[in-house]
Structures are given as structure tokens and as C-alpha cells.
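One structure is given below, encoded as C-alpha cells.
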Amino acid sequence: MTIVVTGATGHLGRHAVQALLARGVPAHQVIATGRNVDKIADLGVRVLQADYENPEQLRAAFTGADKVLFVSGSEPGKRIPQHRNVVDAAKAAGVGLLVYTSIAHADTSDLILAGEHQQTEQMILDSGLPYVFLRNSWYLENYDYRSAVEHGLFGAAGDGRISAAARADYAEAAAGALLTDDRANRTYELGGPGFTMAELAAEISQVSGRTVDYTDLSPEKYAEFLVSVGLAEQHAAVLSDADRGAAQGALETGPEDLEKLMGRPATPVSDVIRAALA
Ligand SMILES: NC(=O)c1ccc[n+]([C@@H]2O[C@H](COP(=O)([O-])OP(=O)(O)OC[C@H]3O[C@@H](n4cnc5c(N)ncnc54)[C@H](OP(=O)(O)O)[C@@H]3O)[C@@H](O)[C@H]2O)c1
């Protein structure tokens, strides 16, 4: 069996390769791909360059692959043509399973972030390839815990529950989906037990020993706040839109699917906060 992991030069892909090895997949059965492959020379598996903008590299990387973990690209706005190349290459290579990292509730979500995932899921469905959709909620690593301790926590998610989970947990779930054979044509809504932003502030207070308050802003004010602390306007707009949606449950999944695929409970939020503050 050969398993190809795309985006292995990034956080999630690297964790996924490590999770496959930890589950006993022999190193020679794993191929890690990315653009700047120098970053992953240390993983101990075969490495191939595969830029989502380079169909030939993608086809070469997928030839002979039984399963592909397709980590969504990190350049919003460019993802549709890039993802089209990935799906076309997987189809041409006849891969046995295409596992795609999507977003929570991709089929119904109105988040700006969801649009490209919706279209990618449809491309994969249209390809006829056996698939798994891993609809990942928020990463716990998205939050800046040091800044929260110093300046407080800001957002626009109101009382919405956010089922954030550790990146490594999503990667372990991906390994679980890749390694169980009856998982074709399934969709998983992946996340942790979740919290409201006020609960997250309380958790940060508990771990840090400092009082951290949550300030809830309107989406417009939150976008202005993000720009004021240095984010580009477009990035700020996407993040404040994610909070707008989160207030209405767009990032709430519950932990059931994640824990089922991992075979263990989700990593506690406090562990991630503690590691970030260490
Ligand atoms: N759920 C969430 O909260 C959340 C948050 C952020 C991102 N995401 C999504 O989840 C994905 C994985 O997250 P992450 O933390 O691992 O992100 P990351 O560390 O930024 O990694 C993104 C990976 O995608 C690769 N990539 C981007 N464009 C590519 C291209 N044209 N060709 C080949 N590879 C390309 C990157 O390669 P290079 O190393 O060459 O750049 C990198 O390996 C992201 O790409 C994004 O779609 C989700």
C-alpha cells in the first residue's frame, strides 16, 4: 500500500505523516509531498515535490498511490484551479481513496472560507473517486494565547460554541480515515468538545494564573481591531466573518467523529494553551 500526503511541508500534513508512522505504517509506504521539500527531508519517508499548480508533478506523485491525503491549499482565492489540478491528477492516477481536508458543514456553511471547500467537495464528487471528506472545524492553534494573557481575548463569536481541536488531533483522525478500509464515501464533521469564547477566556485564565476577559465585538469592529493589530484587510475580513458564522454555530461539530477516527478523547484545550504559553 502506498499513501501520499500532500501539503506535508505544512503543520497538518507533517503531523499526518507522523501519525501514519506512529500507527505502524512502514516508512517506505508513505510519500510526503509539498513545494519546498527541504522542509520535510527529516520525516524519514520518501519525499516528492508536488506543487498544486504543476499537474505533471502531481501526476508523478500520485502514480501508484493507493490513497491520497489531500490537504487543502493555503492560498484562498487560488484554491479552485489548484484543487482542480489535484483532483484531475488523482483521477488520472486512479487512486483508490482521496481524503480531503475540508471545513465544518461545508455543504451548508455560509462562511467566506467555506466557498472553495464546497466547490472542491463537488469536484471530488464529480470525479467519481472514492472519497472521505474530513470537515475540520477551527484549530486550537489559531488563537494567540500569549497576546490573550497580555491584552485579553477579542472576537465576534458571541455565545456560539466553537468546536476547536488541536491540529495534531485532526491529523490523527486523518490517519484513522486513511487506514480503515470501510471508510470510502464518508463525511466526518471533525472538532473538539468546544467552548464559547468566554469559556475559552476562563480556560486561559486558569492555565496562566492571570485574569483574561473576553470582549465580544460586532464583526465590523472585530475586523477593524484585527487590522489595527497588523492583519491585512482581506485576512481580517475572513476571520471576522468566521466569528460571525461561529456565533450561529458554523464551527460547532461536537467531538464524536474526531474521537471515533482517533480512537481516543480529543486533546484537552488546556494542554494546547499550556504548550503555547510555555
Ligand atoms: N481549520 C482551520 O482552523 C484552518 C486554519 C488554517 C488553515 N486551514 C486549512 O488547512 C490546511 C492545512 O493547515 P496547516 O495548518 O497545515 O497549514 P499550513 O501549515 O499553512 O500548510 C499548508 C500546506 O499547504 C501547502 N500548499 C499551499 N499551496 C500549495 C501549492 N500551491 N502546492 C503545494 N502545496 C501547497 C503548503 O506548502 P508550502 O509549505 O510549500 O507553502 C503547506 O504544506 C491549510 O492549507 C488551509 O487550507 C484550516
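Using a probe of 1.4 Å on the protein chains alone, the accessible area found for Leu231 is around 50 Å². Accessible area of Lys221 (1.4 Å probe, protein heavy atoms only, ligands and nucleic acids ignored): about 110 Å². Computed over protein heavy atoms with a 1.4 angstrom probe, the accessible surface ordering of Arg146, Arg167, largest first, is Arg146, Arg167. Of the accessible area of the chain, computed with a 1.4 Å probe over protein heavy atoms only, carbon and sulfur atoms account for 48 percent. Work through the residues other than Ser127 whose Cβ is under 9 Å from its Cβ and net out their charges, Lys, Arg +1 and Asp, Glu -1. Net charge in that neighbourhood comes out at -1. Using r as the Cβ-Cβ distance of Asp271 and Glu199, and R0 as 25 Å, what FRET efficiency do you calculate, to the nearest 0.05? Computed FRET efficiency for Asp271 and Glu199: 0.95. Label-to-label distance, Ser74 versus Ala22, with points set 7 angstrom from Cα along the beta-carbon direction: 2.0 nm. A cut-off under 14 angstrom between Cβ atoms defines the neighbours of Gly230, and their net charge, with Lys, Arg +1 and Asp, Glu -1, is -3. When the Cα positions of Val95, Ser72, Gln18 are compared along the charge dipole of the stretch 1-130, Gln18 comes out farthest toward the positive end, with charges on each C-beta of Lys, Arg, Asp and Glu.
A Gaussian network model of the chain, with springs between Cα atoms under 10 Å, assigns the largest mean-square fluctuation among Ile31, Ile124, Ile112 to Ile112.
For Ser208, the solvent-accessible surface with a 1.4 Å probe is about 40 Å², rounded to the nearest 10. About the centre of its Cα atoms, the chain shows a dipole size close to 880 debye [charges on the beta carbon of Lys, Arg (+1) and Asp, Glu (-1) only; nearest 20 debye].
Measuring nothing but how far apart in sequence close Cα pairs (under 8 Å, 6+ apart) lie, relative to its length, the chain scores a relative contact order of 18 percent. Site pair Val37 and Gln234 shows an inter-label distance of 2.9 nm when each label is modelled 7 Å from Cα along Cα→Cβ. Under a model in which nothing but the beta-carbon of Lys, Arg (+1) and Asp, Glu (-1) is charged, the stretch 167-278 shows a dipole of about 280 debye around its Cα centre.
Counting only DSSP H runs of at least 4 residues, each contributing -39500 (n - 2.57), and dividing by the residue count of the chain, the helix-based mean residue ellipticity at 222 nm comes to -13000 deg cm²/dmol.
The values are calculated or read from the model by the stated rules, or taken from the named source; none is laboratory data. Computed from a predicted model, the values in this text were never measured in an experiment. Glycine also receives a Cβ, built like all others from the backbone with ideal geometry; neighbour counts cover every protein chain displayed. Calculation scope for accessible area: heavy atoms of the full protein, side chains included, ligands and nucleic acids excluded. Shrake-Rupley method; radii C 1.70, N 1.55, O 1.52, S 1.80 Å.
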